[in-house]
Amino acid sequence: MDHAADAHRTDLMTMTRFVLNEQSKYPESRGDFTILLSHIVLGCKFVCSAVNKAGLANIIGLAGETNGEEQKKLDVLSNEVFIKALVSSGRTCILVSEEDEEATFVEASKRGRYCVVFDPLDGSSNIDCGVSIGTIFGIYMVNDSHEPTLDEVLQPGKKMLAAGYCMYGSSCTFVLSTGSGVHGFTLDPSLGEFILTHPDIKIPKKGKIYSVNEGNAKNWDSPTTKYVEKCKFPEDGSSPKSLRYIGSMVADVHRTLLYGGVFLYPGDKKSPNGKLRVLYEVFPMSFLMEQAGGQAFTGKQRALDLVPKKIHERSPIFLGSYDDVEEIKALYAAEEKKE
């Protein structure tokens, strides 16, 4: 291929164009959702740049001493960036962030119709060792024009309009679903634009990988223990599954989405509700999995049917390829029969 010609291609599907195309399917649309999404994307570009240590020389100073200003912790910085970006969009009314104890209610003059739940920098304990980290978000719409209350956000995941994540890794990848399939975009730094690189992602029906923190095995319940045992010692003569666990949810789920398999963070004796938060970890990732043809299960029910009572509530989660999650569901059903 002629690279000079390639450099001048204008048929690239940018995220902006993609979202406007989606919007045009709804003639009644006012473009609010498009504006909100563009603010989320802007926040992600900013965080991507910060994670990649852009401007590092300014902070350290060329002589090597850190100059006066104490560098803000990246997760705190990311949170501020997203809160500002979302409020200034003029399209949000309630924001729930992993970093903030309380929900943020947007002042009336800047209020819009959407609630956004997000984890500004998931896996931030991995920053120092160069492991992929990311931002996770979900979007709900407010019912009426009345004064918004927390109940607008404490809805089951199936009520979400859209969900996605941005992964800051070897490249910056933005994965999004607005309820009609899952699409992946990659940031082209020379253009400052996200380009559609993974249209219509479909998770394989069955995978060869399982992903779990096996360090917690001594506290697991019986179905989880049995499932992991089956992954390692299959009874039907098939090959064992490979174990891959990064410990950064965005990275583990991204791999699961593309290659198939199952990601689990079960409840155990020490943390009966697991570790992952319902609103801004479990729901968005479950939404994406279902949209890609996979499943998400809590050990008791379909994850997206769960009704959260508190904004930082936790839940066990098993998500990934349809057949693999089906197997886990069968083990839990068998356990229930015994009781």
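The values are calculated or read from the model by the stated rules, or taken from the named source; none is laboratory data. All values reported here derive from a predicted model rather than from experimental measurement. No Cβ is skipped: glycine too gets one built from the backbone with ideal geometry, and neighbour counts run over all protein chains shown. Note: accessible area is taken over every heavy atom of the protein model, side chains too, but ligands, DNA and RNA are not part of it. Shrake-Rupley method; radii C 1.70, N 1.55, O 1.52, S 1.80 Å.
Residue ranges 166-177, 114-125, 326-337, 199-210 sort as 114-125, 166-177, 199-210, 326-337 when ordered by packing (mean number of other C-beta atoms within 10 Å per residue, highest first). Among the protein heavy atoms, those of His183 account for about 30 Å² of accessible surface (1.4 Å probe, every chain in place). Only one of (i) 18; (ii) 27; (iii) 15 was calculated from the structure for percent of Cα pairs over 38 Å apart, and its label is (i). How far is helix 322-338 tilted, in degrees, relative to the longest principal axis of the Cα atoms in the chain, given as a value from 0 to 90 rounded to the nearest 10? Approximately 50 degrees, to the nearest 10. Taking 0.36 nm per residue of sequence separation and removing the Cα-Cα distance, the Ile195/Asp151 pair yields an extension gain of 12.2 nm. Based on Cα contacts under 8 Å between residues 6+ apart, the range 209-337 shows a relative contact order of 28 percent. Between the residues Ser242, His254, Gly134, the greatest Cα displacement towards the positive end of the dipole of the chain, with unit charges on the Cβ of Lys, Arg, Asp and Glu, is found for Ser242. Across the range 142-295, C-alpha contacts under 8 Å between residues 6 or more apart give a mean separation that, scaled by the residue count, equals a relative contact order of 26 percent.
Under conditions of 37 °C and 0.692 mPa s, the range 195-339 yields 214 µm² s⁻¹ as its translational diffusion coefficient, taking Rh as the Kirkwood radius over Cα pairs in the Stokes-Einstein equation.
Which GluC sites (Glu not before Pro) from the range 205-248 combine a DSSP loop assignment with at most 16 other Cβ atoms within 10 Å?
Here the GluC sites (Glu not before Pro) that fit, given the DSSP loop and packing criteria, are Glu235.
Taking N as the number of residues in the range 104-208, what is its Cα Rg relative to 2.2 N^0.38 Å?
Values: Rg = 16.6 Å, N = 105, 2.2 N^0.38 = 12.9 Å.
The reported ratio for this selection is 1.29.
To the nearest 0.05, what FRET efficiency results for Glu101 and Ile35 with a Förster distance of 22 Å applied to their C-beta separation? So the FRET efficiency works out to roughly 0.20.
Computed over the range 15-198, the percent of Cα pairs more than 25 Å apart is 37. Using the average count of surrounding beta-carbon atoms within 10 Å as a protection proxy, the listed peptides 275-282, 19-26 rank, highest first, as 275-282, 19-26.
For the chain, averaging the sequence separation of C-alpha pairs within contact (under 8 Å, six or more residues apart) and dividing by the residue count gives a relative contact order of 15 percent. Relative to the first principal axis of the alpha-carbon coordinates of the chain, what is the inclination of helix 32-51, with its axis defined by its Cα atoms, in degrees from 0 to 90 and to the nearest 10? The angle comes out at about 90 degrees.
Note on the range 121-174: percent of Cα-Cα distances in each 10 Å bin, starting at 0 and stopping at the bin with the largest distance, equals 21, 34, 25, 17, 2.
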